[in-house]
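So the structure is just underneath, and the comments pick up after that.
All of the numbers you see were taken from the coordinates with simple rules; none came from a lab. Keep in mind it's a predicted model, so treat the numbers as computed, not measured. With ideal geometry, Cβ positions are generated from the backbone for all residues, glycine too; neighbour counts draw on all protein chains shown.
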Amino acid sequence: MIYTNQEIYLGFLERLVNLTHTEVFDHDSYRVLLKDICEYYRIAKGVTEFYPTQRKELLKQGEIFCDFDNGKGEKVLYRYRFITRAKAVIIGTIYVEDNGETWSDEELEQLDVMFRVILGFVSRMRLIRTLEDFGFHDIDGYYNFRAFARFLDIANTENRLGGMVTFHIDLHNFTMVNAEISRQNGDIVLKNYYKMLCDVIGETGIVIRLGGDKFIGIFDRKVKRKVFNLFSGVPVAYDNKNEKFVRVSAAAGVYMLPNPYMLKSPGDIMDKIMLAGNAAKLQTESAIIIFDDKMKKEKDRVKKVQTEFRDGLEKEEFHVYYQPKVDLQTRQLKGAEALCRWFRNGKIIPPLDFIPILEINNDICDLDFYMLDHVCRDIRRWLDEGRDVVRVSVNMSRKHLVDVDLLEHIMEIIDRNNVPHEYIEIELTETTTDVLFRDLKRVVCGLQEQGVWTAVDDFGMGYSSLNLIRDIPWNVLKIDKNFVPKQVSEEDTIVNKMFKHVIALAQDIGLECVIEGVETIDQLDVLRLNNCFIVQGYFFDRPLPVPDFEYRMDRKVYPEE
Ligand code: C2E
Ligand code: MG
Ligand code: MG
């Protein structure tokens, strides 16, 4: 059967129009159609150029596609340039062989129509891609959260999420890496590490950057070991020659999707990997923590404490308990530490169940001021009742240190209650950074000037340094129970020697030493042997409610054991 030129043309048009209904422009049928058209109309090469803006066209920053080329095209048959409504520039050029051949008006008209359709089509597809680039990447070219959500959505529809592994990572010490090799090189390291992840994870998963040095992603269980190796630490290059490396490792929170798994929302996965990620970050070494349901319970507990705290404060559910400090030589009550107890719904909540939580968002500061206020009220009342009052120490979380008005705040509370300054002692713990150390020094010196006592709490735990007692004028060193040898018979051990010399040193520079957590008579012997005589511990008393403590205060002397 022989077709007329018009029929062939209409056939081409129909195939074209059908193609425009499919979304896949890179589709083979498009290439076949293009080849058919070009061969029929004796076209050697078709080139389309796409520039997202006119400025990019001037700068020649665009994309050029050559969808058909038989290698013989030299002469331009014609050229279209048009600007879309979104101000993108599309240019199409048709090349033919320079062999004297001619085209009829009818043919040129047909070509014109078809290529306009094709270019319109190209421009639409390119715009969609540009939008994708904007929508699914951040400004540095990393995939963004939307890309993650889209991935989950598609994988969910295809029913292949079950058994996959999702993660959140926070690179370890990246601020230090930036400081060491410069921020610019730090960026290169980030890119390269990201590429390594993408390469290992491949097409079946995705990695996206949340911002800074934080990434999340999802991958197939089969590559788990390889991905985990990257989390645990790998050298990453930051020069072109692959000669300069830094080691990159990550704190990773991982959630293994159950199989089968139906996606509720990306937020559900986010919650879990962030929770596990936060737990991983608390470890000093890079760590991979797998989410389990206990974490969820812990999170709920944190939330509950945080929401109930304000209410408890308002209702005065927090009570001050006083734990006596006793002088071993005279067996007299020397002082007390104020410790917090939360009475809620008929139960007593111990401080370790809520104080670390209140420290997360600085709520602790309000509790500490509340405690100080209540202690001051008690002392004022005792003084007014003519009791022989002892000094009371109050704990201040290190979270206060950044508060420039801390000193004023403390003094305001003490003075408002009209309490002589020497009845109050403030307990602070050691700090971890230089900045905090400066703040700590400022606060302690300020209190000192006001005649308020100061104590280092939990000395010997954590980060004790000699600077702490050399550079800051404390009155009291409270030595943690774990630092105290258990028995005299341990005399020759390192524990014993350290204890002995630290005590001697502290006393030599005029610090009062209080030993915390003394429970047994054996410990008392160790203390006597080392000339330390002020003791706070269950051996004498647990933290006591006010009436019990008042009884102790009035009796003053503890009977012999
Ligand atoms: P801390 O300041 O080191 O207080 C001493 C802790 O040791 C108290 O625990 C006390 O009950 C316990 N203790 C005392 N003697 C013994 C003993 O012989 N054996 C044992 N095993 N433990 C003993 P508590 O009351 O549970 O308080 C725990 C921590 O909570 C305190 O440690 C302190 O860091 C914090 N805390 C308590 N109340 C407050 C507060 O009002 N504000 C702040 N910021 N922290 C507080
Ligand atoms: Mg304390
Ligand atoms: Mg302590």
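Summary of computed values
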{"item": "Charge dipole (the chain, unit charges on Cβ, about Cα centre) - positive-most of Val502, Tyr558, Phe483", "result": "Phe483"}
{"item": "Rounded to 10°, Cα long-axis angle of helix 105-136 versus longest principal axis of the chain", "result": "0 degrees"}
{"item": "Length added when fully stretched, Thr102-Ile139, from 0.36 nm per residue minus Cα-Cα", "result": "8.4 nm"}
{"item": "Size of electric dipole in the chain: Cβ of Lys, Arg +1 and of Asp, Glu -1, about Cα centre, debye, nearest 20", "result": "880 debye"}
{"item": "Computed E for Lys264/Leu352 - FRET, C-beta separation, R0 35 angstrom, nearest 0.05", "result": "0.55"}
{"item": "Stretch in the chain that is longest and holds no chymotrypsin sites (Phe, Trp or Tyr not before Pro) that DSSP places in a loop and that have at most 13 other beta carbons within 10 Å", "result": "4-462"}
{"item": "Burial order of peptide ranges 412-419, 292-299 (average beta-carbon count within 10 Å, highest first)", "result": "412-419, 292-299"}
{"item": "Given charges at beta-carbon only (K, R positive; D, E negative), |dipole| of the range 1-143 in Debye", "result": "540 debye"}
{"item": "Listed residue (Thr493, Val514, Leu544) projecting farthest to the positive dipole end of the range 467-561, Cβ model", "result": "Val514"}
{"item": "222 nm mean residue ellipticity, helices alone, for the chain (DSSP H n ≥ 4; -39,500 (n - 2.57); rounded to 500)", "result": "-14000 deg cm²/dmol"}
{"item": "Of all DSSP beta bridges in the chain, antiparallel share, percent nearest 5", "result": "70 percent"}
{"item": "Efficiency of FRET between Arg129 and Asn229 - r from beta-carbon atoms, R0 45 angstrom, step 0.05", "result": "0.85"}
{"item": "Cβ-defined net charge surrounding Pro547, 12 Å radius [Lys, Arg +1; Asp, Glu -1]", "result": "-3"}
{"item": "Label-zone membership for the range 214-250, site Glu203, 7 angstrom Cα→C-beta point, backbone N under 15 Å", "result": "220"}
{"item": "Inter-probe distance in nm under a simple model that places probes 7 Å from Cα toward Cβ, at Ile360 and Val302", "result": "0.3 nm"}
{"item": "Cα centroid of the range 307-368 to Cα centroid of the range 465-515, whole Å", "result": "26 Å"}
{"item": "Karplus-derived HN-Hα couplings along the range 544-550 (A = 6.51, B = -1.76, C = 1.60, θ = phi - 60°), whole Hz, x at Gly and Pro", "result": "10, x, 3, x, 5, 5, 4"}
{"item": "Val402 versus Asn5: modelled label distance in nm, points set 7 Å from Cα along the beta carbon direction", "result": "7.9 nm"}
{"item": "Farthest toward positive dipole pole in the chain [+1 Lys/Arg, -1 Asp/Glu at C-beta], among Ile289, Thr130, Ser265", "result": "Thr130"}
{"item": "Modelled FRET efficiency - R0 30 Å, Gln507 with Glu560, Cβ distances, 0.05 increments", "result": "0.75"}
{"item": "Radius 11 Å from Cβ of Tyr538, net charge of other residues (Lys, Arg +1; Asp, Glu -1)", "result": "-1"}
{"item": "Normalised alpha carbon radius of gyration of the chain [divisor 2.2 N^0.38 Å]", "result": "1.53"}
{"item": "Local electrostatic count, Leu230, Cβ distance below 13 Å [Lys/Arg +1, Asp/Glu -1]", "result": "+4"}
{"item": "Spin-label model distance (nm) - Ile154 vs Thr330, 7 Å beyond Cα toward Cβ", "result": "8.0 nm"}
{"item": "About the Cα centre, charge dipole magnitude for the range 150-202 (Lys/Arg +1, Asp/Glu -1 at Cβ), debye", "result": "80 debye"}
